[in-house]
Every structure is written in C-alpha cells, then in structure tokens.
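Contents: one structure, followed by commentary.
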Amino acid sequence: MPASSLATARKKTVGTKQTLKALEKGLAKTVFVALDAEQHVIRPLIQMCHDKNIPVVQIDFMKDLGKACGIEVGCAAAAVIE
C-alpha cells in the first residue's frame, strides 16, 4: 500500500500517539512509519503491529510521510483507520 493511500483515506491518524491509540482500540488497518524517525518512538508501534498482524508500510523520510498525510511538517507514524 503506497503512502498516497493516506491522502485518499476517509479516516486516518497522524502522529505516533494517535496511531498508538488506534492500534490499542483495534481500529488501525495499515500503519505507516518513517524510517528516519527515532527508533525508540516507532519501535513500540512496529511491535504492536507485529503482535496484532497489522501491515506496516515503511516510508523513507518523515517529511514524505507528513506530506502524504496532508501536513507541512514531518510525521513519524500514521495509520489508515477506514
């Protein structure tokens, strides 16, 4: 699933905290993480996705992930909810 699917998603989370909450509630369908984000920030997300069998899409740069989310700053993580 390419990052462009974030732009067209009807519901999504933007940011690590919101994405983690969506994972805990069982709402996240696909999670996107930026590879240049600090590992201690994204590691818990990746582990939870692995535990719950939720696909993780890796994006090279936070700036690109932020742009795909429709924001003008970098983003470490995002998820498609619907």
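The values are calculated or read from the model by the stated rules, or taken from the named source; none is laboratory data. Keep in mind that this is a model prediction, so the values were computed, not measured. When we count neighbours, we look across all protein chains shown, and the Cβ atoms used for this are built from the backbone with ideal geometry, even at glycine. Each accessible area value is taken on the protein alone, full model and side chains, heavy atoms only, with ligands, DNA and RNA left out. Shrake-Rupley method; radii C 1.70, N 1.55, O 1.52, S 1.80 Å.
Annotation: residue 2 fulfils all but one of (1) surrounded by fewer than 16 Cβ atoms within 10 Å (Cβ to Cβ); (2) at pLDDT 95 or above; the unmet one is (2).
Selection within the range 63-80: residues that are among the small types (Gly, Ala, Ser) and part of a loop (DSSP other than H, G, I, E, B). The member of this set that is most open to solvent (accessible area, probe 1.4 Å) is 70. Within the range 19-62, the set of residues being assigned to a helix (DSSP H, G or I), within 13 Å of residue 74 (Cβ to Cβ) and open to solvent by 10 Å² or more (accessible area, probe 1.4 Å) comprises 41, 62.
Applying the condition of being open to solvent by less than 100 Å² (accessible area, probe 1.4 Å) and either free of Cβ contacts under 8 Å to residues at least 24 places away in the same chain or outside any strand (DSSP E or B) (or both) to the range 5-18 and asking which residue is farthest from residue 69 (Cα to Cα) yields 16. What pairs can you find where one residue is in the range 33-62 and in contact (Cβ under 8 Å) with a residue 40 or more places away in the chain, the other is part of a helix (DSSP H, G or I) and open to solvent by 30 Å² or more (accessible area, probe 1.4 Å), and their Cβ atoms are less than 6 Å apart, with a gap of 6+ or different chains? Pairs found: 34/62; 37/62.
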